[in-house]
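The values are calculated or read from the model by the stated rules, or taken from the named source; none is laboratory data. Computed from a prediction, not measured in an experiment: that's the story for all the values here. Here the Cβ positions follow ideal geometry from the backbone for every residue, glycine too, while neighbour counts run over all protein chains shown. Heads up: the accessible areas ignore ligands, DNA and RNA and are worked out on the full protein's heavy atoms, side chains in. Shrake-Rupley method; radii C 1.70, N 1.55, O 1.52, S 1.80 Å.
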Amino acid sequence: MRPSVLALAVLLSLAPGTLHAQRADLPPVEKINEALDNHPTVAAAAARVAAARAQGDMLRKGTHEVLVTSSYIRRSVDREGGYDEFDTTVTRPFRLPGKATLDRKSGALGVEVAENQMEDARHQTALMFSGLWHDWLTAGSLHRNDLDTVRSLEAALAALQRRVQLRDASALDLDQGSAALAQAKAQAAASRSAREQARVMLAATFPEIPLPPEPPELALPKLPSQDLEAMRALVIERSHEIRAADREAQRLAVVAQRVRADRIADPSFGVRLFSERSGMERGAGVVASIPLGGGYRRAAADLASAEASAASLELANVQRSVAAVADADLSNARTRLEAWRSAQESAQSAEQAVGRTERGYQLGEIDLADMLYARRQAKDSRRSEIEARSEAARALLKLQIDSHSIWAPDENVQ
């Protein structure tokens with residue numbers, strides 16, 4: 001009985017020297033990290049981190065600024081003449097105790113939200129790169145497989161033409177062979193178009209990664225050195241999407257506290273200087289003012305509380321979503337790997353059947369139609385194996401990316 005995928009994972013996890021190993025059909029790690037860091041989506045998220053830091057500085061300093069008001073009046077009094085009069089008032093509002101602390105905490109949490117969103121943007125970009133890269137590798141492998149089919153049919157057709165000339169084969173056989181070759185060429189042209197389209201998409205999206213003229217051969221799927229169950233747990237533990245949602249929920253809770261505290265408005269204090277009747281009357285005094293909050297401030301507090309509650313519920317939704325992704329990654333890695341092994345066995349069996357069918361055809365025991373059918377089955381089996389290999393490689397790499405076990409320098413992994 002064939003060993004289970006889980007048992008095989010345990011065996012491979014014990015193999016020395018494989019930790020942090022990257023597949024041979026992937027670009028160098030430093031090139032991938034450079035491309036991810038320079039992607040516009042990640043760069044934009046980094047700019048939002050700078051904006052969040054500036055917002056934090058604004059909240060720390062507050063909007064309370066010195067206000068200077070002044071007036072000059074020329075007064076005329078009957079039978080007395082004219083007088084120059086002026087007054088100046090300098091005031092500044094002051095945050096009540098506790099509000100500055102809430103502002104600083106809100107700003108710091110805003111920076112953490114932006115930083116985690118930037119890391120999540122980098123993670124999503126890594127998934128996008130993986131998809132485009134595998135599209136190119138898969139299309140290249142399919143095209144090479146189709147070219148091999150064309151070459152084998154061309155050789156078979158040349159031999160068949162010789163046999164027709166020697167009257168050892170019929171014209172019908174030649175027609176069947178020509179039709180099979182034309183179909184194979186059409187398939188090769190389609191796969192070549194898919195390969196070129198995948199290359200164009202990859203080169204345009206990640207221009208920092210140099211691409212060879214031909215895509216590398218799609219590597220055989222191999223279980224990572226880490227246990228798959230442990231990697232599934234890391235998907236949740238290292239999720240920047242969860243961290244961003246958690247910090248946002250905390251930030252909005254602090255904002256709600258701050259808005260509730262603002263129902264008691266901040267007072268303003270200052271001094272007033274005045275001169276009346278051209279300096280005959282002068283004075284100085286202290287002024288104070290405080291807005292009297294009403295329905296607007298109460299409604300603002302209700303709004304902030306509702307937004308904080310919504311953020312808490314969104315956090316629960318994100319946690320469920322990430323847990324679902326982790327479970328799907330684990331299941332997909334196992335099932336896709338098993339599907340590829342079955343497809344590989346099918347392709348090997350089909351190749352053996354082709355060999356026996358060709359020998360039977362050469363001995364005259366099998367007609368051309370049966371041989372072409374066997375070759376078509378083998379070709380389809382090889383294509384299925386390539387596609388299954390690609391899906392298994394994608395699934396395993398996605399689990400590594402989602403668990404931040406690869407291309408995540410901030411997690412101290414390769």
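One residue alone among 248, 217 is of a type in the set (Asp, Glu) and part of a loop (DSSP other than H, G, I, E, B), and that residue is 217.
With the structure loaded, tell me whether residue 256 is surrounded by fewer than 18 Cβ atoms within 10 Å (Cβ to Cβ), touching a residue at least 12 places away in the same chain (Cβ under 8 Å) and under 27 Å from residue 116 (Cβ atoms) or whether it fails that test. The answer is no for residue 256.
Only one of 328, 324, 339, 311 is within 30 Å of residue 101 (Cα to Cα) and either modelled with pLDDT under 95 or not hydroxyl-bearing (Ser, Thr, Tyr) (or both); which?
When all the criteria are applied, what remains is 311.
Among the residues of segment 233-251, are any touching a residue at least 60 places away in the same chain (Cβ under 8 Å), in contact with a Gly (Cβ under 7 Å, 6 or more places away or on another chain) and of a type outside the set (S, T, N, Q)? Walk me through how you get there before you give the answer.
Step one: of segment 233-251, the residues touching a residue at least 60 places away in the same chain (Cβ under 8 Å) are 233-236, 238-251.
Imposing the further condition that a residue be in contact with a Gly (Cβ under 7 Å, 6 or more places away or on another chain) reduces the set to 251.
Narrowing further to those that are of a type outside the set (S, T, N, Q): 251.
Yes, segment 233-251 contains at least one residue that is touching a residue at least 60 places away in the same chain (Cβ under 8 Å), in contact with a Gly (Cβ under 7 Å, 6 or more places away or on another chain) and of a type outside the set (S, T, N, Q).
Residue pairs whose Cβ atoms lie under 6 Å apart, separated by 6 or more positions or on different chains, with the first residue in segment 370-387 and under 13 Å from residue 346 (Cα atoms) and open to solvent by less than 70 Å² (accessible area, probe 1.4 Å) and the second part of a helix (DSSP H, G or I) and charged (D, E, K, R), are 378/351.
Residue by residue, here is whether (1) more than 30 Å from residue 390 (Cα to Cα); (2) among the β-branched types (Val, Ile, Thr); (3) surrounded by 13 or more Cβ atoms within 10 Å (Cβ to Cβ) holds:
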{"residue": "247", "(1), (2), (3)": "yes, no, yes"}
{"residue": "262", "(1), (2), (3)": "yes, no, yes"}
{"residue": "284", "(1), (2), (3)": "yes, no, no"}
{"residue": "299", "(1), (2), (3)": "yes, no, no"}
{"residue": "346", "(1), (2), (3)": "no, no, yes"}
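Consider segment 46-75 and keep the residues that are open to solvent by less than 100 Å² (accessible area, probe 1.4 Å) and farther than 30 Å from residue 115 by Cβ. The one that is nearest to the chain's Cα centre (by Cα) is 66. Annotation note: of 230, 265, 288, 301, the sole residue that is under 30 Å from residue 92 (Cα atoms), out of contact with any His (no Cβ under 8 Å at 6 or more places or on another chain) and assigned to a helix (DSSP H, G or I) is 301.
Any chance segment 192-201 includes a residue that's within 30 Å of residue 372 (Cα to Cα), at pLDDT below 90, open to solvent by less than 80 Å² (accessible area, probe 1.4 Å) and hydroxyl-bearing (Ser, Thr, Tyr)?
Restricting attention to segment 192-201, the residues satisfying the condition of being within 30 Å of residue 372 (Cα to Cα) are 192-196.
Retained after the next criterion (residues that are at pLDDT below 90): none.
Looking through segment 192-201, none of the residues is within 30 Å of residue 372 (Cα to Cα), at pLDDT below 90, open to solvent by less than 80 Å² (accessible area, probe 1.4 Å) and hydroxyl-bearing (Ser, Thr, Tyr).
When every residue of segment 202-223 is checked against the conditions, none turns out to be touching a residue at least 40 places away in the same chain (Cβ under 8 Å), of a type in the set (Val, Ile, Thr) and under 30 Å from residue 89 (Cα atoms).
Within segment 220-238, which residues are within 19 Å of residue 386 (Cβ to Cβ) and surrounded by fewer than 14 Cβ atoms within 10 Å (Cβ to Cβ)?
Quick first cut of segment 220-238, residues within 19 Å of residue 386 (Cβ to Cβ) only: 220-222.
Hit for segment 220-238 is 220, nothing else.
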